Structures are given as C-alpha cells and as structure tokens.
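> Sharing a structure below in structure tokens format, with a few things to ask.
The values are calculated or read from the model by the stated rules, or taken from the named source; none is laboratory data. These figures come from a predicted structure and were not determined experimentally. Cβ placement follows ideal geometry from the backbone for every residue including glycine, while neighbour counts extend to all protein chains displayed.
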Amino acid sequence: MKTIIQMVVVLTVISIISAIALSEISSWANPKIAQNRAKETEKAIFRVQPKAKSYKKINQSGLELFQVFDENNKPLGYVLTYEGNGFQGKIRLIVGLNDSLNVISRVEILEQVETPGLGNKITEEPFLKQFENLLTIPEIEWVKGSKPTKPNQIQTITAATISSKSVVQILNEGISKLKDLKQKGLL
Amino acid sequence: MAKVNKLSYEFLKGLWDQNPILKQILGMCPTLAVTVSVINGIAMALATTFVLVFSSFLISIIRKLIPNQVRIASFIVVIATFVTVVDYVMRALFPEMSKLLGPFIPLIVVNCIILGRAEGFASKNNPFRSLLDALGMGTGFLISLLVLSSIRELLSSGTILGFQILPKGTPQLLVMILPAGAFITLGLLFGAANLYTLVRERKEKEVIITKYINT
C-alpha cells in the first residue's frame, strides 16, 4: 500500500512540475516565435518576388496573402504562404506569382520536418530552381525519373518522391484558391 | 578491472569500451536516419549530448525519490520535458540554428541512449559520475556518427562537410544516401570494431600465455 501511494505521488509531482515548466516556457517563447516567423515571412516576400519594392497584406478568407508592387507602385503580383501535409508533418511554403496568377516567380520552403538528408532536399536550390518561371495552368505537374518536358512540370527528387509531390500539391491547392478568388473578383 | 571505479573511466568508457553505437548498439534509429551528411551527424550528436547531460544529471539527483515501479515513466517525462524546453528555447532565441536542427529535436526523445543511460547508470550513481558518464557517451556518439556520416557523404557525393574531397566525376553511389547504405556501412563498422577487439584480446592472451610458459 505504501509503495502504491508513493508511486502515485511521485509520478503526479513529476508530471505537475513538468507541466508547469512547459507552460511557462511556452508562454514565454510563443510571442518570440511568432515574431521570428513574421520577420522571416517579410524577408521571404522579397526573395520570392525579387522585383518587388513594397507589399500590402490582403485580408481575404483567412489566407496569408500579400500584394506586391514595383518602384512605380504598379502591382506586380501576389505572394502567398500556404501549408499542407508533407511526408512526416506540415510543410509551410511561400510562393510568388504574377498578376494573372499563371507564372510562378519563385518558391521557398519556410518550415518542414521532412527526413533529414532525403526529404529535406526540397529546401535546396536544385529543387526550388525548377519552380522559377513555372506555368501554373492548368496546374503544376510532377514527373519521376526523367527530365520535365512541359513548361508546367517539375522533376521529383530521387528517394524523396512523396516530399516533392507534397510541395506540388500544396502549391496547386493554394494557387487554385487564389484563382477562385480572382474569378469572383475579390482580388 | 581496477580501472572501472576511477572517475576518469566514467568519461573514457563511452569513447570505446562502451561506445553507445559500436558496443552497446543503442540509438540505431537516429544513427541510421541522420548520417547522410557530416553536418547532420554533428548537429544530431550535439543536440543529443545536450539533452543526455541534463537529463542524466537531473535523474541522478532525484534517483532516490523515484519508486522502482514507475522509474521508466518518470525518466521519460523528464527527458521529454527537456527536449521540448530545448526545442522552444532554440526556436525563440536562435531561429537560424533551429531551422537547421528542427527535424532532429523530436527524434531525441526516442533516442534510447538517453533512456538507456538514465536506467543503466544515472539511476544508480551520484550526479557527478552521471555527468561524466553522459559527457563520455555523448562524445562516443559524436565520434561514431562522424565516422559513419563521413563514409556515407564521401561515397554518395564525394564531399565532406560540403567540401569536395574526391575528384569531380568520381562515380557517386546513390545507395549510400538511402537506408540500405546506412545499414551496409553500419554493419561493416560493427565488423571492423569487433575484429579489432578480437585481435587485441588474442594478443593480450598470448602475452599472458608466454609469460606463464617462461616462468
């Protein structure tokens, strides 16, 4: 009986201490993490739209969407951050598009937890370079094991097909939402 | 084995005699998964060592309070808490480093070196010895991952830490970057380590026998 009580007490105390520590840490760290994230997004906007000089946030159906302008304040296109499922967890990416939403200027991966050494190659230049000037009509397609033949195709990474496909899927989903908004005249 | 109780041995045993990878065959999952490049190996080993040192130390302090029946559950809670704290602090203060190490951090919870040392050592020894043991095991883990990842990165892309070592145009073995390459390399490393131990033991025996014959 004595050991049973001791077991319960010790485990409860350890869990309570752990819970207090974690909630304290999380309430201290979360605002800082959000700040880092916002800063990083701002930097990324100008990386995926290299010609842009300024941007404006667009509040539309819960999307993290920005319209970017060149030095004469002429609209250049849009930047969208969007997330979806990868191979092991969420992939969050940022994409720059032209004004009519049919050409990608550049894509970057903001957050991912893909397999180190295999799936996380989606963050590297050889893969991302393929998206520059890629057509999004009718939508982005992927090919496996051979060079792309059409202007709307990219090649998946060897041994990381699922991660590569996920990026394409997330892009297609986000872009199709934008196209819907554009059709309804909301953009 | 007089050296067993020496303090310095608590640190040194992790490097070879009880190397977590080569001798105890612990922590295989992260070992096989992350050793595709040297930088990944180093990052994983450093993050693991950090958690290992702190959790071993803390568990050793509270070891007498924990009833035997719930020790594993308690250790896991302590370890998981440390891993989460490390993850949050890094994301808040060092976002750049966190981006590099991000995917490895959650892997540390399931690294059995940490639970293994908590159960096998820290729960039976004083905090100072546990600290030395954890540092030694962490260093041993780092050395093994360095060897393994160097071989794999060299054969798969001809580089070490991103620097070109093999002349350009050397055929690259894609298999080394895949799980199969990890298993093959690790198996050969185990073989080499065992062969070395065997040869050394045989030599020691011969020395004893010749001494005996001579007398």
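> If you take the residues in region A:103-117 that are of a type in the set (A, V, I, L, M) and surrounded by 21 or more Cβ atoms within 10 Å (Cβ to Cβ), which one is farthest from the other protein chains (Cβ to nearest Cβ)? Spell out how you get there, then give the answer.
In the first step, residues of region A:103-117 are kept if they are of a type in the set (A, V, I, L, M); the result is A:103-104, A:107, A:109-110, A:113.
Subsequent filtering for residues that are surrounded by 21 or more Cβ atoms within 10 Å (Cβ to Cβ) retains A:104, A:107, A:109.
On the way: A:Ile104: 23, A:Val107: 17, A:Ile109: 10 Å.
Looking at residues that are of a type in the set (A, V, I, L, M) and surrounded by 21 or more Cβ atoms within 10 Å (Cβ to Cβ), I get A:Ile104.
> For region A:138-180, what are the residues that are assigned to a strand (DSSP E or B) and either without any contact (Cβ under 8 Å) to a residue 12 or more places away in the chain or in contact with a Phe, Trp or Tyr (Cβ under 9 Å, 6 or more places away or on another chain) (or both)?
So the first thing to find is which residues in region A:138-180 are assigned to a strand (DSSP E or B), and the list is A:141-143, A:153-155.
A:Gln153, A:Ile154, A:Gln155 - these are the residues of region A:138-180 that are assigned to a strand (DSSP E or B) and either without any contact (Cβ under 8 Å) to a residue 12 or more places away in the chain or in contact with a Phe, Trp or Tyr (Cβ under 9 Å, 6 or more places away or on another chain) (or both).
> Look through A:Tyr55, A:Tyr82 and report the one residue that is buried (at least 16 other Cβ atoms within 10 Å of the Cβ), touching a residue at least 24 places away in the same chain (Cβ under 8 Å) and either of a type in the set (S, T, N, Q) or under 20 Å from A:Ile154 (Cβ atoms) (or both).
Details: A:Tyr55 fails: either of a type in the set (S, T, N, Q) or under 20 Å from A:Ile154 (Cβ atoms) (or both).
A:Tyr82 is the lone residue from the list that is buried (at least 16 other Cβ atoms within 10 Å of the Cβ), touching a residue at least 24 places away in the same chain (Cβ under 8 Å) and either of a type in the set (S, T, N, Q) or under 20 Å from A:Ile154 (Cβ atoms) (or both).
> Looking for whichever is within 15 Å of the chain's Cα centre (by Cα) and under 30 Å from B:Ala182 (Cβ atoms) here; the options are A:Lys144, A:Lys165. Which one fits?
A:Lys165
> Same structure, new question: Restricted to region B:151-206, and to residues that are loosely packed, with under 15 Cβ neighbours inside 10 Å, in a helix (DSSP H, G or I) and basic (Lys, Arg), which residue is nearest to the chain's Cα centre (by Cα)?
Among those that are loosely packed, with under 15 Cβ neighbours inside 10 Å, in a helix (DSSP H, G or I) and basic (Lys, Arg), it is B:Arg200.
> Let me ask another. Tell me whether region B:178-186 contains one or more residues that are in contact (Cβ under 8 Å) with a residue 12 or more places away in the chain, away from chain A (no Cβ under 13 Å) and more than 17 Å from B:Ala33 (Cα to Cα). Working first, answer last.
Filtering region B:178-186 for residues in contact (Cβ under 8 Å) with a residue 12 or more places away in the chain gives B:179, B:181-183, B:185-186.
Filter once more, keeping what is away from chain A (no Cβ under 13 Å): B:183, B:185-186.
So of that shortlist, the ones also more than 17 Å from B:Ala33 (Cα to Cα) come out as none.
Among the residues of region B:178-186, not one is in contact (Cβ under 8 Å) with a residue 12 or more places away in the chain, away from chain A (no Cβ under 13 Å) and more than 17 Å from B:Ala33 (Cα to Cα), which makes the answer no.
> With A:Leu80, A:Leu110 as the choices, which residue is in contact with a Gly (Cβ under 6 Å, 6 or more places away or on another chain) and within 29 Å of B:Pro106 (Cβ to Cβ)? Step through it out loud before you land on a result.
Numbers: A:Leu110 fails: in contact with a Gly (Cβ under 6 Å, 6 or more places away or on another chain).
The unique qualifying residue is A:Leu80.
> Just give me the residues in region A:93-130 being polar (S, T, N, Q) and within 11 Å of the chain's Cα centre (by Cα), in sequence order. Break it down stepwise before answering.
Start the filter on region A:93-130 by keeping residues that are polar (S, T, N, Q), which leaves A:98, A:100, A:102, A:105, A:112, A:115, A:120, A:123, A:130.
Result: A:Gln112, A:Thr123.
> Name every residue in region B:168-215 that is of a type in the set (Ser, Thr, Tyr) and more than 20 Å from B:Lys23 (Cβ to Cβ), in order of residue number. Please lay out each step first, then the result.
Step one: of region B:168-215, the residues of a type in the set (Ser, Thr, Tyr) are B:170, B:185, B:196-197, B:210, B:212, B:215.
Correct list: B:Thr170, B:Thr210, B:Tyr212, B:Thr215.
Conditions (1) under 30 Å from A:Val103 (Cα atoms); (2) more than 13 Å from every other protein chain (Cβ to nearest Cβ); (3) not basic (Lys, Arg), marked per residue:
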{"position": "A:Met1", "(1), (2), (3)": "no, no, yes"}
{"position": "A:Val13", "(1), (2), (3)": "no, no, yes"}
{"position": "A:Leu22", "(1), (2), (3)": "no, no, yes"}
{"position": "A:Ile25", "(1), (2), (3)": "no, no, yes"}
{"position": "A:Ile33", "(1), (2), (3)": "no, no, yes"}
{"position": "A:Glu40", "(1), (2), (3)": "yes, no, yes"}
{"position": "A:Lys43", "(1), (2), (3)": "yes, no, no"}
{"position": "A:Lys53", "(1), (2), (3)": "yes, yes, no"}
{"position": "A:Lys56", "(1), (2), (3)": "yes, yes, no"}
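> Among the residues of region A:115-129, count how many are among the charged types (D, E, K, R) and touching a strand residue (DSSP E or B) at 6+ places or on another chain (Cβ under 8 Å).
Looking only at region A:115-129, we keep the residues that are among the charged types (D, E, K, R), and these are A:121, A:124-125, A:129.
Next cut, touching a strand residue (DSSP E or B) at 6+ places or on another chain (Cβ under 8 Å) only: none.
Final tally of qualifying residues: 0.
> Checking B:Lys124 against (1) charged (D, E, K, R); (2) surrounded by fewer than 19 Cβ atoms within 10 Å (Cβ to Cβ); (3) at the interface with chain A (Cβ under 9 Å from one of its Cβ atoms), which single condition isn't satisfied?
(3)
> Output the helices (runs of 4 or more DSSP H) that fall wholly within region B:2-108 and possess 3 or more residues being facing another protein chain (nearest Cβ under 9 Å) and within 21 Å of the chain's Cα centre (by Cα), or say none.
Numbers: elements: B:7-12, B:28-34, B:38-61, B:71-93, B:95-101.
Helices (runs of 4 or more DSSP H) meeting the threshold: B:38-61, B:71-93.
> Still on this structure, please answer the following. Kindly check whether there is at least one residue in region A:120-137 that is modelled with pLDDT under 95, over 24 Å from B:Phe104 (Cβ atoms), in a loop (DSSP other than H, G, I, E, B) and in contact with an Asp or Glu (Cβ under 9 Å, 6 or more places away or on another chain).
Within region A:120-137 (the criterion being modelled with pLDDT under 95, over 24 Å from B:Phe104 (Cβ atoms), in a loop (DSSP other than H, G, I, E, B) and in contact with an Asp or Glu (Cβ under 9 Å, 6 or more places away or on another chain)), the answer is no, since none of the residues qualifies.
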